[in-house]
Structures are given as structure tokens and as C-alpha cells.
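Below is one structure, written out as C-alpha cells; comments come after it.
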Amino acid sequence: MFRSSVPRLLILVLAGLLVASCRPPSSAKKRFDFQTVFVDGFNSFQGRAWQPFAVQGGRDHKIINGRLRLSAEDQGFGVPRSLVRLKSVGFYDSAEALMAVNGQDENAAAELEIRYTEDGDDHYAVWSIAWIKDSNDWTIQPMILDEDFGIVQSGPTDQVQAGDFHRYRIAIDPQRETLEFMIDGVVRWQADRSKVATQPGSRLGVGQYWGGYCEIDEFRAERRDLASHVLLDNTRSAHAQPSHVRILFNLRDASGNPLLLDKSGLDARVQIDAREDGAPLDRAESPVHLRAAADLELDVVLVLDYTESMRAAGGGTGIDEMKAAAQRIIYSLAPNHRVAVVEFHDNLGGDDFSTLVPFTFDKNEAVAAVRDFEPFHGFSKLWDAVDHGLQLFPATPVAGRLNVLVFLSDGFDASSSQSPGQVIATAQARSVRVHSVGVEEQRFLDQEEMERVAADTGGRFFTTEAVGDLVRVFGSIGQELSATYQAAWVSARSVGFTATLWLSLDGIRSLSPVTSSVLPDVLSGDSRQGRIEPPTATTSGATADFFFVAEHLPRTVQELRFRFDTSGVPIEQSDLSVSLSAGPLAGWTLVQEGGDWWRASGPLLGFGDFGPLVQIQVAHGGQDFDLPFIWDNSVYANGVLFFAGDEGELVGNEWQSTISIIGN
């Protein structure tokens with residue numbers, strides 16, 4: 001039975017101090033597989049997913065009559081404590097324990113705890129139970145603690161008798177943004193909090209501090225229907241002048257499957273809540289733009305295994321299966337995505353790897369290179385080939401461009417000079433995410449190293465026991481790439497801040513937000529100046545391709561006007577093919593005017609929007625030359641203009657620059 005009590009301030013403060021001072025080091029996270037609920041009746045510790053702690057006077061844990069007993073005695077030093085925590089990784093929405101406390105020590109306390117986040121910061125929901133001096137009663141109180149274990153909010157107090165078992169429960173509802181504290185099925189307190197979310201690695205547990213003991217008859221961990229949850233992961237920032245906040249992420253369901261949405265799906269189904277230091281954006285002044293992978297800049301390098309051991313897999317079909325899988329991922333890329341292919345084989349002559357095709361927009365060229373290569377056989381250098389592929393990416397990463405390397409191997413490496421650790425360092429320095437695919441059929445696979453390279457670079461490790469499954473695996477990687485999104489807006493702030501991004505899909509909010517620090521050096525520049533990434537052409541056969549890609553679009557833009565000067569180069573205007581991309585210029589039209597000018601026009605562009613604008617193909621005739629172009633800024637007013645960031649290229653009302661065309 002509970003007896004209402006006047007809150008005892010001293011006891012509450014002491015309980016908070018106990019929580020703050022007696023946390024043990026975090027245990028290693030291990031996966032414990034269950035679907036919706038985990039219940040432990042404590043017949044033994046064998047096979048349980050618990051991490052026990054007994055520190056500074058805490059006694060060893062015991063199972064007595066099917067109950068777990070935690071006890072801690074004051075040894076005259078530190079804070080004695082005895083705890084158990086689930087060591088599994090999972091999005092836990094609730095923790096429940098049928099438990100009782102006993103003993104007489106003026107500092108004695110017990111607690112049931114679950115960790116969650118508020119606006120991206122760690123918080124703790126705690127049932128705190130503290131002994132009342134000179135009494136057989138214990139005071140119970142719900143508390144919310146911050147990441148430093150200070151009391152943020154606390155609920156009403158009750159009293160329980162020593163040794164009485166009650167069912168304590170904490171339930172987190174991310175959709176309603178509430179925390180419920182229950183005893184024996186009755187809600188004792190509900191806390192309404194902002195931006196509540198569960199998180200992977202949510203820590204649940206029970207602890208006893210400073211004397212007395214706690215007995216747990218049953219423990220239950222639950223989570224809601226995961227099918228309705230949305231996850232944001234693989235996040236990174238690409239902030240750039242002028243005051244352009246950019247956050248990239250992958251979107252998944254709670255089972256980890258990629259969620260694929262095109263532009264229409266993003267507009268109809270997704271809602272964005274962006275904040276700066278916790279304050280909502282003025283969406284009229286700073287609209288938030290969300291674009292899918294097809295509108296992002298993406299460079300992909302495939303590193304493929306043409307070794308003898310791979311050829312022998314699948315009864316001699318291994319390389320053919322690999323070629324079919326590579327073709328699938330290449331053709332899944334958007335027109336503005338570039339792909340390069342590196343092979344490694346085992347040529348005894350010393351030429352153990354090579355670039356089959358450098359970065360190209362031409363997917364047919366890449367597929368033909370994969371299809372037609374026929375290597376010799378001997379020894380292989382897997383990690384040297386992966387390093388060679390990483391060298392194709394720029395040493396200084398381009399903000400906003402996604403760099404991905406995918407390598408396939410049975411894991412057999414005969415003589416590489418590069419180590420997996422060196423490969424990881426290079427990938428991190430060049431901002432390259434590495435996905436690795438291991439084929440276990442030949443049993444050479446060094447899975448641990450391949451997993452480490454993927455994990456340490458933000459990629460994923462895939463494995464298959466049969467080469468016949470490679471097409472499916474590469475299809476999964478293609479989905480990984482397609483489930484990449486970028487949100488961006490222009491900040492009105494002049495000092496650094498923390499950007500926070502929440503996403504809701506069909507009204508279901510993400511389990512946790514993305515947070516990113518925006519430094520003051522980004523918060524400069526003139527937002528009236530549109531930024532175009534310096535165009536880079538790639539050559540395939542008789543043509544070269546390049547795009548005008550907007551990094552930042554200013555206000556009041558309803559037309560673009562540009563031309564190419566062919567008077568001093570070995571091509572004619574008829575050798576140019578110009579077309580609009582499907583990004584920000586969706587719904588626009590393109591016409592060619594007199595004087596070789598091209599004019600694109602349409603609905604007002606969104607302030608701060610980004611993405612590919614125009615694609616140009618050049619029939620180069622096998623010649624190398626620099627193609628001059630002019631962008632007409634006289635069509636804009638009030639200081640609006642476009643350029644690539646080099647003010648030296650601004651001449652009067654024009655942006656004048658050149659694009660290098662390599663014809664052979």
C-alpha cells in the first residue's frame with residue numbers, strides 16, 4: 001500500500017547525487033535478438049543478456065528463490081553499488097521490474113532506469129527509491145535526469161514498505177512525446193517532454209546503492225511496433241558558404257531496410273522539423289529543401305575481383321555472376337552520378353590491378369569495361385586495389401558530394417603492400433564511405449577485416465555464401481545509395497549554432513534526430529550570390545559530359561541564360577547538346593536564342609535549393625581543348641548573380657570561365 005508523503009527535499013537531492021556519482025563505465029554493446037518483448041524471471045544468469053556490476057562494496061549478484069538480489073554495503077569509501085543492465089542494442093520504449101527493497105541505511109537507494117534522448121541529448125527516466133531514516137518505509141519518486149545526471153524534472157513522491165513487491169514501469173511514447181511512470185498498472189506521473197526519442201543502445205537496468213538490498217522477481221523490456229518507426233543514419237554534414245546548412249543521411253525503417261522515395265514521395269509524405277539551437281526556423285525566410293539521391297552529386301568506384309579463386313566460385317561462374325551484379329548497380333545510378341571501375345587479378349607479370357574506366361557519366365561505357373575485361377591468373381593484391389580505387393577520389397573532399405567505394409572479394413590477399421588500417425585512413429581522409437561484399441564460397445574470406453573497413457568508414461558489410469546471390473546483394477547496395485537524402489537551408493545567423501533535424505514519414509516521427517555543429521566560418525558570404533560547382537567533364541568515346549550543378553540558389557530566380565564560345569575551339573555549336581536536369585528546374589523549359597544563347601525559364605526557384613540544373617554533351621572529335629562559357633547575370637536585379645566562387649571570373653554582368661575537355 002502507498003502512503004502519500006510530503007516531498008523530502010534532502011532525500012531527493014541525495015538521490016540525484018547518488019545517481020550522478022555512481023555510474024559504472026558503459027559495458028560493451030552486444031546484440032540480443034528478440035522481436036517485441038524480453039522477460040526474465042531470474043531462475044539463473046545462464047544465457048541472459050545482462051551486464052552485472054559490483055563496485056566499491058557492492059556484493060556479487062545472487063539468484064535466490066527465482067529472484068535476483070542486488071546488495072551494496074558501505075565500506076567507508078566511495079559509493080558502493082550493485083547493478084545489472086541489459087547489454088543488448090535496441091530501441092526500447094519501456095522497462096518494467098517487479099521488485100522490492102529492504103534494509104536500513106540512511107544513504108540506501110535503488111532505481112529502475114531507461115536511457116532515451118531529448119532533442120538529441122542523452123536523458124534518463126528513473127524510478128528512484130530512497131530509504132527514510134528511522135523508518136521501515138522507502139520514498140519512491142519518478143525523475144528525469146540530464147546527460148550529466150542532474151535532476152531536470154521530478155514527479156510526486158509516495159511511500160512503500162520495506163520488502164513489499166510492486167511492479168514499477170517506465171514507458172516512453174516518442175509520438176506523443178510523453179513519459180509515463182506506473183506502479184502496479186496505475187499511472188503515477190506523466191511527463192510531457194519535447195523531442196523525445198528512443199535510441200539504439202538504450203540502456204535499461206536496476207541498481208542498488210549504499211546499503212540495503214533490492215530483489216527483482218521479474219524484468220521486462222519492450223518496444224512498440226517497429227514497423228511504424230523511421231531511422232536516420234549514416235549522417236554527415238556538408239555546410240558551406242553562403243550560410244548554407246546541409247545535412248546528408250540515409251532513411252530506413254526500424255528493421256534497417258532502406259526507404260526509397262522519389263521527389264513526389266518526399267513532397268507528399270515527408271515533413272521536416274529543422275531547428276537552430278532548439279529554435280524552429282522561420283520557414284518563410286529559410287525554407288528547408290529535401291532532395292533524394294537522384295538529385296545529389298554521387299561518385300561511385302567499384303573494385304571488382306577477377307582472381308582465379310573468384311573465377312572458380314560457383315563451379316566456374318563466379319566472375320560472370322560478379323559482372324552481372326556490377327551491371328545492376330551501375331544501371332541503378334542516376335544520369336548525374338559518376339562511376340569508375342577498378343579491377344584486381346593475379347597477373348604474375350606484376351600488373352595486379354588497374355583502372356578499367358575512370359569516372360564517367362556514361363553507364364554503358366562502365367558496363368562494357370566490366371563485361372569485356374579478361375585477366376590472367378596468379379597472385380592477388382586486394383588491399384592495394386582498394387587503395388588504388390580510393391586514389392581516384394579528390395584528396396580534398398568536395399562539400400556536398402557523396403563518395404562511395406564498393407569492393408567485392410572472396411577476401412584472399414596474397415601480397416598487398418597496403419594494410420586494412422591504411423585503407424581506412426585514406427578513406428576517412430577523402431570522405432569515402434566503403435561498402436564491402438564478401439563471398440564465402442571459397443572460404444578464404446577475412447570477414448573481420450572487411451567488416452572493420454566498412455564500419456570504420458560509415459559503410460556496410462555484406463556477405464553471401466554463393467556467387468549466385470551477388471546480383472541480389474549488389475541490388476541491396478544500390479538501394480543503400482538510393483536511400484540517401486540531403487536537407488538544406490540558408491541560416492540567418494551570424495554565430496555558430498547546433499542544427500537539429502527531425503523527420504516524419506506519413507506522420508510517424510524519426511526515433512531520433514540528426515544534430516550537427518555549424519561553425520561561424522560557414523555563416524558568411526552573400527546569399528544573393530548563386531553558387532555553381534565548378535563543372536568537371538568526363539570523356540566517353542567521342543563525347544564529353546558535364547553538368548551545371550547548383551550548390552545554392554538565391555531568391556527571385558526565374559531564368560538562366562548562358563552560352564558557349566566555340567569561335568576558338570575545334571568544334572561547332574552543332575557539336576553541343578544541352579538539356580535540363582530533373583532537379584530544381586523541374587517544370588522549366590529550355591530554348592536556344594540568337595547569338596548561340598541558351599535560355600531556361602520557369603517557376604520561381606526555391607531560396608537555398610540545390611541540385612543539377614543543366615547537362616551538356618560535347619562531341620569533341622578526339623581533341624583536347626578548353627571550352628569557354630559565359631553566364632549572363634544581367635537578367636537579375638538587386639545583386640543576384642551566379643558564379644563558382646572565384647570573383648576573378650566575374651566580368652561586368654557576366655560569369656566567364658572554361659571547362660577542360662579531354663578528347664583522348
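The values are calculated or read from the model by the stated rules, or taken from the named source; none is laboratory data. These numbers come from a predicted model, not from an experiment. FYI the Cβ positions are ideal-geometry reconstructions off the backbone, even for glycines, and counts take in every protein chain you see. Side chains included, ligands, DNA and RNA excluded: accessible areas come from the protein's heavy atoms. Shrake-Rupley method; radii C 1.70, N 1.55, O 1.52, S 1.80 Å.
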Test result for Val591, of a type in the set (A, V, I, L, M), farther than 15 Å from Ala550 by Cβ and either buried (at least 19 other Cβ atoms within 10 Å of the Cβ) or touching a Pro at 6+ places or on another chain (Cβ under 8 Å) (or both)
no
Within the stretch 127-152, take every residue that is within 29 Å of the chain's Cα centre (by Cα) and in contact (Cβ under 8 Å) with a residue 60 or more places away in the chain and give me the one that is nearest to Ala72 (Cα to Cα).
Phe149
Return the pairs, sorted by first residue and then second, in which the second residue is among the β-branched types (Val, Ile, Thr) and part of a helix (DSSP H, G or I), the first residue lies in the stretch 307-328 and is free of Cβ contacts under 8 Å to residues at least 40 places away in the same chain and open to solvent by less than 30 Å² (accessible area, probe 1.4 Å), the beta carbons are less than 9 Å apart, and the residues are 6+ apart or on different chains.
Ile319/Val467
Given (1) surrounded by fewer than 19 Cβ atoms within 10 Å (Cβ to Cβ); (2) in contact with a helix residue (DSSP H, G or I) (Cβ under 7 Å, 6 or more places away or on another chain), number of the condition Asn136 does not satisfy:
(2)
Taking the residues in the stretch 66-76 that are under 23 Å from Arg169 (Cβ atoms) and not aliphatic (A, V, I, L, M) as candidates, determine which candidate is modelled with the lowest pLDDT.
Gly66
If you go through the stretch 260-306 one residue at a time, how many are open to solvent by less than 20 Å² (accessible area, probe 1.4 Å), out of contact with any helix residue (DSSP H, G or I) (no Cβ under 9 Å at 6 or more places or on another chain) and of a type outside the set (A, V, I, L, M)?
4
Of all residues in the stretch 425-453, how many are farther than 20 Å from Ala399 by Cα and surrounded by fewer than 22 Cβ atoms within 10 Å (Cβ to Cβ)?
12
Leu604: passes all of (1) farther than 17 Å from Ser527 by Cβ; (2) hydrophobic (A, V, I, L, M, F, W, C); (3) open to solvent by 50 Å² or more (accessible area, probe 1.4 Å) but (1)
Only one of Gly652, Gly622 that is within 14 Å of Ile571 (Cα to Cα), out of contact with any strand residue (DSSP E or B) (no Cβ under 8 Å at 6 or more places or on another chain) and open to solvent by 20 Å² or more (accessible area, probe 1.4 Å)
Gly622
Residues that are at pLDDT below 90, assigned to a strand (DSSP E or B) and among the aromatic types (Phe, Trp, Tyr): does the stretch 128-135 have at least one?
yes
Look through the stretch 391-424, keep the residues that are assigned to a loop (DSSP other than H, G, I, E, B), at pLDDT 95 or above and crowded, with 16+ Cβ neighbours inside 10 Å, and return whichever of them is nearest to the chain's Cα centre (by Cα).
Phe393
Can you list the strands (runs of 3 or more DSSP E) lying wholly within the stretch 229-318 that have 1 or more residues being within 24 Å of Val473 (Cβ to Cβ)?
230-237, 244-253, 289-292, 297-305
Is it true that Asp158 is of a type in the set (Asp, Glu), more than 28 Å from Asp273 (Cβ to Cβ) and open to solvent by less than 20 Å² (accessible area, probe 1.4 Å)?
yes
In the stretch 77-93, residue farthest from Ile216 (Cα to Cα) [restricted to those that are in a loop (DSSP other than H, G, I, E, B), in contact with a strand residue (DSSP E or B) (Cβ under 7 Å, 6 or more places away or on another chain) and at pLDDT below 80]:
Tyr92
Answer yes or no as to whether Val591 is part of a strand (DSSP E or B), out of contact with any Gly (no Cβ under 7 Å at 6 or more places or on another chain) and aliphatic (A, V, I, L, M).
yes
It is to be established whether one or more residues within the stretch 473-485 are open to solvent by less than 20 Å² (accessible area, probe 1.4 Å), touching a strand residue (DSSP E or B) at 6+ places or on another chain (Cβ under 6 Å) and in a loop (DSSP other than H, G, I, E, B).
yes
